[in-house]
Structure formats: C-alpha cells, structure tokens
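*Asks:* First the structure, which I've put down as structure tokens, then a few questions once you've had a look.
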Amino acid sequence: MDEKPPQGAPTGRSTQDKIRRAVIAEAAGGFDGFVPLNWVRDSGASVTATLAQWDQGALAEVPAGAGWDVVRMDRPRGWRTVTALRTAGVAIGPVLHTEEHVDVFVPKGSVEDWDQDGATVLEAGEVLLVPPPVVVAPHTLRARSWIVPPGTLLTDGTALYEAFAAAGASMALDGAR
C-alpha cells in the first residue's frame, strides 16, 4: 500500500530547490521537446557538468572556439551592435551580457579576419562563464545575462562585422553632436 507523508511534512527538497530544478529542467527541455543545450555540447563542455553548475546557482564554464567563435566588444558598442542587427532584420544567435562586455556567438571561422578595433575574437579554449539560458536581461546571475539566449542559430559573422561598423559610426556621430 502506498502511504503518503502527512500534509505539511518535509519532502526533502525546499521550495527554492524545486523552483531552481524546474528552471534547469525548462532550460534543458526547451519548448516542444527541443533541447537548446547543443551549444554546450558543441563547445566541448560536459552538459551534465554544466547543468550541475547551474543547479548549484553557479555560472557554468564553457570554452569558446570549438563549436562556435565569440566576438567580444565593450558593452556600449555591443548593445548598439545588437540594435543594429535587429534593425537590419538579421537573425541573432546567442549574445551574452557581462559587466564590461557583450559577447556574440558566431559560426566557427566566420570572423577569423576580424580587423575592427574595439572588438576581439576570443581564442579557442578561452572560458566563458555563462548563466542558464533562462537568465535573460534584465535578470542576471552573478552580473551576467543573455541579451539573446542560446537556441539553434548563430549570428552571421559578416552581418555582425557590418553592424559593429555601423554602431561605431553611430556612436561617433553622437559624440560629434
């Protein structure tokens, strides 16, 4: 016979723990069965270790340069670049926001000739500290959030290059006024 614990009896997990696990399960499960953690696996990081870090309320360590490249730009120009991409109707892949930078994920090798000042392509293996995909601006985890959460696509490298140039020109005009 199945016996239920008395109403109000502890079940071994706090409400906060249940909520955190539900958030992680949502990130792992995605929508309609889609699993938006391919980007973690493509990086070479362990999906299990990443989920465990998120489950503990920590940022996960995910290396750049294996499955995709990352262009890092300063925060003000990064936000302008994202705005320029949106205005141009470009499909945008993951964009990570930190206290100092905006990191845009692009297809591997698509920005190897990047030559614009104010942004760098991260070296292969350089570790990014990332929150779960459900932590989207204005929400943060340890001062990090996604402007665009990871999904199935990456930002086109050429479109990013053009948007970054446009953002720089726009900021120069704003400074000249």
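*Asks:* Only one of Gly118, Gly125 is open to solvent by less than 50 Å² (accessible area, probe 1.4 Å) and farther than 24 Å from Ala165 by Cα. Can you tell me which?
*Replies:* So the residue among Gly118, Gly125 that is open to solvent by less than 50 Å² (accessible area, probe 1.4 Å) and farther than 24 Å from Ala165 by Cα is Gly125.
*Asks:* Looking at the range 47-76 only, could you name the residues that are open to solvent by 60 Å² or more (accessible area, probe 1.4 Å) and more than 30 Å from Met171 (Cα to Cα)?
*Replies:* Thr48, Gln56, Glu61
*Asks:* Now a separate question. Check every one of the strands (runs of 3 or more DSSP E) wholly within the range 103-166 and list those with 1 or more residues that are at negative phi and touching an Asp or Glu at 6+ places or on another chain (Cβ under 8 Å).
*Replies:* Numbers: elements: 119-121, 127-130, 145-148.
Those strands (runs of 3 or more DSSP E) span 119-121, 127-130.
*Asks:* Cβ-Cβ below 6 Å, separation at least six or inter-chain, first residue in the range 77-102 and over 16 Å from Leu141 (Cβ atoms) and open to solvent by 50 Å² or more (accessible area, probe 1.4 Å), second in a strand (DSSP E or B) and hydroxyl-bearing (Ser, Thr, Tyr): which pairs?
*Replies:* none
*Asks:* Would you mind stating whether Ala45 is of a type in the set (A, V, I, L, M) and in a loop (DSSP other than H, G, I, E, B)?
*Replies:* Numbers: of a type in the set (A, V, I, L, M): yes; in a loop (DSSP other than H, G, I, E, B): yes.
Here the answer is yes, as Ala45 does meet what is asked.
*Asks:* Regarding Pro138, is this residue at pLDDT below 95 and of a type outside the set (A, V, I, L, M)?
*Replies:* So Pro138 passes the test.
*Asks:* Tell me the residue from Val106, Val134 that is open to solvent by less than 70 Å² (accessible area, probe 1.4 Å), touching a Gly at 6+ places or on another chain (Cβ under 9 Å) and of a type in the set (A, V, I, L, M), please.
*Replies:* Val106
*Asks:* So in the range 160-177, with the set limited to residues that are buried (at least 19 other Cβ atoms within 10 Å of the Cβ) and of a type in the set (Gly, Ala, Ser), which one is nearest to Asn38 (Cα to Cα)? Even if it seems obvious, please write down each step before you answer.
*Replies:* To start, the set of residues in the range 160-177 that are buried (at least 19 other Cβ atoms within 10 Å of the Cβ) comprises 160-161, 163-164, 167-168.
Checking the rest, the ones that are also of a type in the set (Gly, Ala, Ser) come to 163, 167-168.
Numbers: Ala163: 26, Ala167: 30, Gly168: 32 Å.
The selected residue is Ala163.
The values are calculated or read from the model by the stated rules, or taken from the named source; none is laboratory data. Quantities reported herein were computed from a predicted structural model and do not represent experimental measurements. We place every Cβ from the backbone using ideal geometry, glycine too, and count neighbours over all the protein chains shown. Protein only, heavy atoms only, side chains kept; ligands, DNA and RNA dropped before computing areas. Shrake-Rupley method; radii C 1.70, N 1.55, O 1.52, S 1.80 Å.
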